[in-house]
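Asks: Encoded as structure tokens, here's the structure I'll be asking about.
The values are calculated or read from the model by the stated rules, or taken from the named source; none is laboratory data. Remember, predicted model here, so these are calculated numbers, not experimental data. Cβ sites come from the backbone with ideal geometry, for glycine too, and all protein chains shown count toward neighbours. These accessible areas exclude ligands, DNA and RNA; they are computed on the full protein's heavy atoms, side chains included. Shrake-Rupley method; radii C 1.70, N 1.55, O 1.52, S 1.80 Å.
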Amino acid sequence: MQDNEKRFPQIKPLMNSSEAYYESSRCLFCYNAPCTIACPTSIDIPLFIRQINNGNLTGAGKTIYDSNYLGNTCAKVCPTEVLCEGACVFTKVNIKALAIGRLQNFATNNAILTKQKYFEIPNPNGKSVAIIGAGPAGISCACELRKAGYQVDIFEAKSNPSGLALHGVAPYKITNREALMEVEYLREQFGFNIIYNTRIANIEDVQKLETKYDAVFLGIGLGNSAEIKINGEDKPECIGATEFIEQIKMNPSEEPIARKVIVLGGGNTAMDAASECARLGAEKVIVAYRRSEKEMKAYYFEYDLAKVTGVTGMFNIAPIEIVGGNNVEGVKFIRTEHVDGKLRNIQGSEFVLDCDLVIKATGQMKQKSLIANISGITMDETGRILVNETSGQTSNPKYFAGGDAVNGGAEVVNATAEGKIAGIGIHLFLSR
Amino acid sequence: MANLKINFAGIQAPNPFWLASGPPTNSGYQIMKAFDQGWGGAVWKTLGVPVVNVSSRYGAINHRGNRVVGFNNIELITDRRLCDNLREMEEVKKYFPDHAVIASLMVQTKKEWQQIVQDVQNAGADGIELNFGCPHGMCERGMGSAVGQEPEVLELITSWVMEVAKIPVIVKLTPNISDITEPAQAARRAGANAISLINTIQSLVGVDIDKFVTYPIVENHSSNGGYCGPAVKPIALNMVKNCAQHPLVQIPISGIGGIENWRDAVEFLLLGASSVQVCTAVMHYGFGIIRDMTAGLEQYMDSHGFETIDQFVGKALPNVKHWEDLNLKYSIKASINEEKCIGCQLCYIACEDGAHQAIDLNDDKNNRIPKINEENCVGCNLCSLICPVEDCITMVRKDDGNEHLTWRQRTEANDVPTTFDDALAGGNSHTVPTPLEALKR
Ligand SMILES: Cc1cc2nc3c(=O)[nH]c(=O)nc-3n(C[C@H](O)[C@H](O)[C@H](O)COP(=O)(O)OP(=O)(O)OC[C@H]3O[C@@H](n4cnc5c(N)ncnc54)[C@H](O)[C@@H]3O)c2cc1C
Ligand SMILES: Cc1cc2nc3c(=O)[nH]c(=O)nc-3n(C[C@H](O)[C@H](O)[C@H](O)COP(=O)(O)O)c2cc1C
Ligand code: SF4
């Protein structure tokens, strides 16, 4: 099997202690710090940086884990450019922002490697909670509940934990080893159970949980990649982005990657998939987006990162057919334009771009079918589970939810924050 | 064009930058190299009966990424034989006849003093420096700061030296004393031609908190040492000023303590030094810093129209007054430049917790720029000192400059607080929140 750690060097590698010392020396220790305000889990960033600087590395780890149970994963995968580092006051005077993500990695990596036990787990309180999904939301919720003495069983469809942080996040941001290492560290410390290869698939499964457990947390994330619904989509070399990325991450193949790749979409997942193809040696990688460059949902730095690896962006072109015989030979596009604020195809502008692999990155579907089976849980029209923001409680009081399944697809740090909030919400609900 | 040449108490040098006695002047090799790079003089590592040093000799203070802001050593005087030093001294003088070579000396008996003075004169030294300053190792044997702390002993030994000296004699003072002008006056009384200060400050640079021993660690133990480097400059400046202002001192001063660039040197010169000596900065960066020092000094002199060093030696002295002669009517208030403010709010918390509660946060949480409450601002400078942005918080003068009233004048006019609850208390003019307000925030 291919060694991904070699194929994908980390873009935010672990700092050495000199780097950490000098970098942490730069922190101003702002009052009411903008970085902390910008962090969805409100980590006391100036405090942990000062602790690193003053030689209390284990204390720095504690500060981070107090606010964020996936402190290491977040340190590596968060879009810090638009969160903490984007808020650093230094950026206002054109001074490089503190490398907060990398400092956070430095502290949490040490905590994990030295097996720091930051939390006391109390004696069992006699109650138990079932969590569906061992992604960031589920793991974070589990930690919070264990801290309050609940028995926690996590049911996970796959054979590994960490959800998309393991199966989806670009391999040059975090290695599989790192993603798994943090969950294992948490499991040892908090003592929750993960029952792998166990999909909660239907209403019978759900009812069993409902009778056995005092509450249920839904951390099920999103589903498979969305379909585009055009002719030729069923050819074998036309695949969804999340499935493609999971394949490279979990089952790296010896076969060379396709020569010419077209990625359909304009979000971060499209940029990731395109970057990964380029890094794997594809000769030409095109990201094709229906709308204009400005309208892309991808962060500017993700597009920049893709461009640096040799990816080309093409805008205002919409796919209308995947062409070829048994195999993919290209994509037929039509040019688009905005008329009265609406996107419209320009008739007669069709053209074909050759390729041997098409990656669909136009979003992930929602896991509506499972939720629809649970009585009393309401979803919005797009299939997001509706919850009370301050407790994570759904409209069926025994069910709580958080993460991508609720926010429609955000970042690991949001899932982590929401999982923790729901953990607190469940505890309040069950200790009333 | 600025002329950097000096005549320091009769010692000629191409510029006022001298190496202080220490590891950089251990050998003729180092001194030749330094002269070649532009140093104007060198005070040889203190000569005497050679010592044996310990291994592990230095400790340092680092501050947030800056290495060696303070430096500490437990080294003694030279550990090389006198004959080797004298031979090398002769050779240096042969190659650099116009540079200042000063022999630093420390011995015990009258006989030893008079012998070694003659030895270094024969070797061609341009001057002598008497090391009465070393605060560790030598003082326990009745030398170094043990002498510098006893003005009478200092005077006696200096007079022994003066009996035989044919070249200028500088007395190096220890700062480990409450009034530096006392040994300075004693040196003058004994006929010394100049003084130099400061030597290192007795110190413990830190403690290894796991091994329970101070730095630098020699096996499992340690000993107090001498403190120097950038951190000691303010102490040295004040002592130089005290000596320069004292009517019974009035001999040339060589300024030492934390100098690492031309600006530090200019500060010493403005407070009355007429040459400066550098040790720690050379130990940190090497002799090469001299290029920045001479270039910076020339540029400074040109920009002020000073042609020679003498023209500005002591120029700041008249402006250093007693506190009671400062104008109490002078009033400045902090002002934040909103364009430059980056919203770190350090000024807010500094004034709130550490000063006078004169800075408020904006009611609008999205506006991170704090506001000065001029009524409460006493003009202490704190906020402007801690602000990380250049020229963002400035102190703006508010009085019209017409009124002048000092504490001395107020005292003479019986217009000063004299009782514990006096209505004339200075703090009466601003609002102090009640203690309970602290818990409501
Ligand atoms: C390609 C890609 C790249 C990304 N890159 C980044 C990035 O760089 N940085 C970042 O912060 N975020 C990134 N994200 C987003 C991030 O991964 C997610 O926001 C986050 O993982 C959501 O966590 P979650 O726990 O809500 O869901 P998930 O991570 O999706 O976890 C859900 C878990 O539940 C399991 N599950 C689902 N249904 C069931 C069921 N019925 N029974 C049992 N188990 C079930 C799943 O197998 C999965 O393990 C990326 C996402 C994608 C798709
Ligand atoms: C503005 C200011 C005012 C001080 N006032 C006093 C005082 O009233 N009484 C006192 O014993 N020390 C006073 N000190 C000295 C400090 O207590 C302390 O000894 C000194 O500052 C060294 O400690 P530091 O390096 O932590 O500041 C004052 C210090 C500062 C900076
Ligand atoms: S000058 Fe002193 S009192 Fe005035 S605002 Fe600044 S810190 Fe406060």
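Asks: Cα centroid distance between segment B:255-330 and segment B:135-207, in Å?
Replies: If you average the Cα positions of each part, the centres end up 23 Å apart.
Asks: Taking springs between alpha-carbon atoms closer than 10 angstrom, which of B:Arg81, B:Arg189, B:Arg408 fluctuates most in the Gaussian network model of chain B?
Replies: With Cα springs under 10 Å in chain B, the top fluctuation among B:Arg81, B:Arg189, B:Arg408 is at B:Arg408.
Asks: Choose one of A:Phe400, A:Leu83, A:Asn105: the residue whose Cα lies farthest towards the positive end of the charge dipole of the protein assembly as shown (beta-carbon charges +1 Lys, Arg; -1 Asp, Glu; about the Cα centre).
Replies: A:Phe400
Asks: Using +1 at the Cβ of each Lys and Arg and -1 at the Cβ of each Asp and Glu in chain B, identify which of B:Trp323, B:Gly70, B:Gly38 lies farthest towards the dipole's positive end.
Replies: Working it through, the farthest residue towards the positive pole turns out to be B:Gly38.
Asks: Another question, then. In this model, which of A:Lys332/A:Lys360; B:Lys233/B:Lys321; A:Lys158/A:Lys307 are farther than 23 Å apart at the alpha-carbon?
Replies: A:Lys158/A:Lys307, as the Cα separations exceed 23 Å there.
Asks: Further, regarding this structure: Please state the shape class of segment A:238-360: rounded when a/c is under 1.5, otherwise prolate if a/b exceeds b/c and oblate if not, all from the C-alpha gyration tensor.
Replies: It comes out oblate by the Cα gyration axes.
Asks: On a straight-distance basis, which aspartates and glutamates could pair with A:Lys249 in a cross-link, Cα separation under 16 angstrom, same-chain partners fewer than 8 positions away excluded?
Replies: Candidates past the 8-residue exclusion: A:Asp3, A:Glu5, A:Glu178, A:Asp272, A:Glu276.
Asks: Counting chymotrypsin sites (Phe, Trp or Tyr not before Pro) as exposed when in a DSSP loop with at most 13 other beta carbons within 10 Å, what is the longest stretch of chain B free of them?
Replies: B:1-211
Asks: Further question on the same structure: With +1 on each Lys and Arg Cβ and -1 on each Asp and Glu Cβ, how big is the dipole of segment A:280-351 about its Cα centre, in debye rounded to the nearest 20?
Replies: 160 debye
Asks: Okay, next question. List the residues whose amide H sits under 5 Å from the amide H of B:Val213, counting only those 5 or more places along or on another chain, with H placed 1.01 Å from N in the peptide plane.
Replies: B:Asp208
Asks: Under the rule of at least 5 residues apart or a separate chain, name every residue whose amide H is placed under 5 Å from the amide H of B:Trp44.
Replies: Those lying under 5 Å, H to H, from B:Trp44 are B:Ile102, B:Ala103, B:Ser104.
Asks: Suppose R0 equals 35 Å. What FRET efficiency, 1/(1 + (r/R0)^6) with r the Cβ-Cβ distance, do B:Arg291 and B:Arg141 give to the nearest 0.05?
Replies: 0.30
Asks: Give me the dipole magnitude in Debye, nearest 20, for segment A:6-113 about the Cα centre, with unit charges on the beta carbon: positive for Lys and Arg, negative for Asp and Glu.
Replies: Computed about the Cα centre, the dipole is about 300 debye.
Asks: Under a point-charge model restricted to the Cβ atoms of Lys and Arg (+1) and Asp and Glu (-1), what is the dipole moment magnitude of the protein assembly as shown relative to its Cα centre, in debye to the nearest 20?
Replies: Computed about the Cα centre, the dipole is about 940 debye.
Asks: HN-Hα J couplings of segment A:274-280 from phi, Karplus 6.51/-1.76/1.60, θ = phi - 60°, integer Hz, Gly and Pro as x?
Replies: Result, rounded to whole Hz: 5, 4, 4, 4, 4, 5, 7.
Asks: Cα-based count: Lys pairs in segment B:14-169 below 28 Å, eight or more positions apart or different chains?
Replies: 15
Asks: Also, I was wondering about something else. Provide the per residue accessible area, probe 1.4 Å, for chain A, rounded to a whole number of square angstrom.
Replies: That works out to 43 Å² per residue.
Asks: Turning to a different aspect of this structure: Find the relative contact order for chain B and round it to a whole percent, using C-alpha pairs within less than 8 Å whose residues are 6+ positions apart.
Replies: Computed value for chain B: 13 percent relative contact order.
Asks: Which value, in square angstrom to the nearest 100, describes the accessible area buried between chains A and B on both sides, using a 1.4 angstrom probe?
Replies: Summing both chains' loss of accessible area gives about 1400 Å².
Asks: Then there's this: How compact is segment B:6-318 by the rule of thumb for globular proteins, expressed as Cα Rg over 2.2 N^0.38 Å?
Replies: Against the empirical 2.2 N^0.38 Å value, I get 0.93 for segment B:6-318.
Asks: Heavy atoms only, probe 1.4 Å: what % of the accessible area of segment A:140-287 goes to carbon and sulfur, would you let me know?
Replies: C and S fraction of accessible area: 46 percent.
Asks: Lysines within cross-link reach of A:Lys62: Cα-Cα under 19 Å, excluding same-chain residues under 8 positions apart?
Replies: Counting by Cα, and skipping residues close in sequence, A:Lys62 has these lysines nearby: A:Lys76, A:Lys115, A:Lys117, A:Lys147, A:Lys420.
Asks: In the Gaussian network model of chain A, springs joining C-alpha atoms below 10 Å, which of A:Leu180, A:Leu103, A:Leu264 carries the largest mean-square fluctuation?
Replies: With Cα springs under 10 Å in chain A, the top fluctuation among A:Leu180, A:Leu103, A:Leu264 is at A:Leu180.
Asks: Mind checking which of A:Ile11, A:Ile371, A:Ile359 has the largest fluctuation in a GNM of chain A, springs on alpha carbons under 10 Å?
Replies: Of A:Ile11, A:Ile371, A:Ile359, the most mobile in the Gaussian network model is A:Ile11.
Asks: With every protein chain kept in place and ligands, DNA and RNA left out, what is the accessible area per residue of segment B:6-318? Probe 1.4 Å, answer in Å².
Replies: 41 Å²
Asks: When 1/r is averaged over all different Cα pairs and the result inverted, which Kirkwood radius in Å belongs to the protein assembly as shown?
Replies: About 33.4 Å for the protein assembly as shown.
Asks: Among the lysines, which have Cα under 20 Å from the Cα of A:Lys92 when same-chain residues fewer than 8 positions away are ignored?
Replies: Straight-line reach from A:Lys92, under 20 Å: B:Lys340, B:Lys365, B:Lys371.
Asks: Whole-Hz ³J(HN,Hα) for each residue in segment A:231-239, computed from phi via Karplus 6.51 cos²θ - 1.76 cosθ + 1.60 with θ = phi - 60°, x for glycine and proline: what do you get?
Replies: My calculation for segment A:231-239 gives 5, x, 4, 7, 5, x, 8, 10, 10 Hz in order.
Asks: Given the DSSP H assignment, sum -39500 (n - 2.57) over each helix run of at least 4 residues in chain A and divide by its residue total; what's the result at 222 nm in deg cm²/dmol, nearest 500?
Replies: Per the formula, -11000 deg cm²/dmol.
Asks: What residues in segment B:364-407 lose 10 Å² or more of accessible surface when the other protein chains are added to their chain alone (1.4 Å probe)?
Replies: In segment B:364-407, residues shielded by partner chains: B:Arg368, B:Pro388, B:Val389.
Asks: Okay, next question. Tell me, which residues of segment A:31-56 get at least 20 Å² less accessible area when the other protein chains come in, versus the chain alone (1.4 Å probe)?
Replies: A:Tyr31, A:Asn32, A:Pro34, A:Arg50, A:Asn53
Asks: So what's chain A giving for Rg/Rh, alpha carbon basis, Kirkwood Rh from the mean inverse pair distance?
Replies: Looking at chain A, the ratio lands at 0.98.
Asks: At 222 nm, what helix-only mean residue ellipticity would chain B give, in deg cm²/dmol to the nearest 500, using -39500 (n - 2.57) for each DSSP H run of four or more?
Replies: Theoretical 222 nm ellipticity from helices: -8500 deg cm²/dmol.
Asks: Amide H neighbours of A:Gly330 under 5 Å, at least 5 residues apart or on other chains, H built in the peptide plane: list them.
Replies: Answer set, sorted by chain and number: A:Val323, A:Cys355.
Asks: Quick one: if you stick a label point 7 Å off each Cα along the C-beta vector at B:Glu91 and A:Glu184, how many nm between them?
Replies: Inter-label distance under the simple model: 6.4 nm.
Asks: Cysteines without a disulfide-compatible partner in chain B, using Cβ under 4.7 Å as the rule?
Replies: B:Cys83, B:Cys134, B:Cys139, B:Cys228, B:Cys243, B:Cys279, B:Cys341, B:Cys351, B:Cys377, B:Cys380, B:Cys387, B:Cys392
Asks: Give the Rg/Rh ratio for segment A:37-132, taking Rg as the radius of gyration of the Cα atoms and Rh as the Kirkwood radius, to two decimals.
Replies: Value, to two decimals: 1.06.
Asks: Another question, then. Label B:Lys329 and A:Ser18 with points 7 Å out from Cα along Cα→Cβ: what is the distance between them in nm?
Replies: 5.9 nm
Asks: Which of the listed residues, B:Asn199, B:Tyr58, A:Asn56, is farthest toward the dipole's positive end in the protein assembly as shown, when Lys, Arg count +1 and Asp, Glu count -1 at the beta-carbon?
Replies: A:Asn56
Asks: Can I ask one more? How many Cβ atoms of partner chains, on average, are near each residue of B:338-351 if near means within 10 Å of its Cβ?
Replies: Average neighbour count from other chains, rounded to a whole number: 4.
Asks: For segment A:209-221, what does the Karplus curve 6.51 cos²θ - 1.76 cosθ + 1.60, with θ = phi - 60°, yield as ³J(HN,Hα) per residue in whole Hz, taken in order and with x for Gly and Pro?
Replies: For segment A:209-221, the Karplus-derived couplings read 4, 4, 7, 7, 10, 7, 7, 10, 10, 9, x, 8, x Hz, x marking Gly and Pro.
Asks: Averaging the inverse of every distinct alpha carbon separation and then flipping it gives the Kirkwood radius. What is it for segment A:288-352, in angstrom units?
Replies: Across segment A:288-352, the inverse of the average 1/r is 13.3 Å.
Asks: Considering only protein heavy atoms and a probe of 1.4 Å, how much of the accessible area of segment B:323-397 is carbon and sulfur, as a whole percent?
Replies: That share works out to 44 percent.
Asks: Taking only C-alpha pairs under 8 Å that are 6+ residues apart, what is the relative contact order of segment B:323-397 in percent?
Replies: Rounded, it is 43 percent for segment B:323-397.
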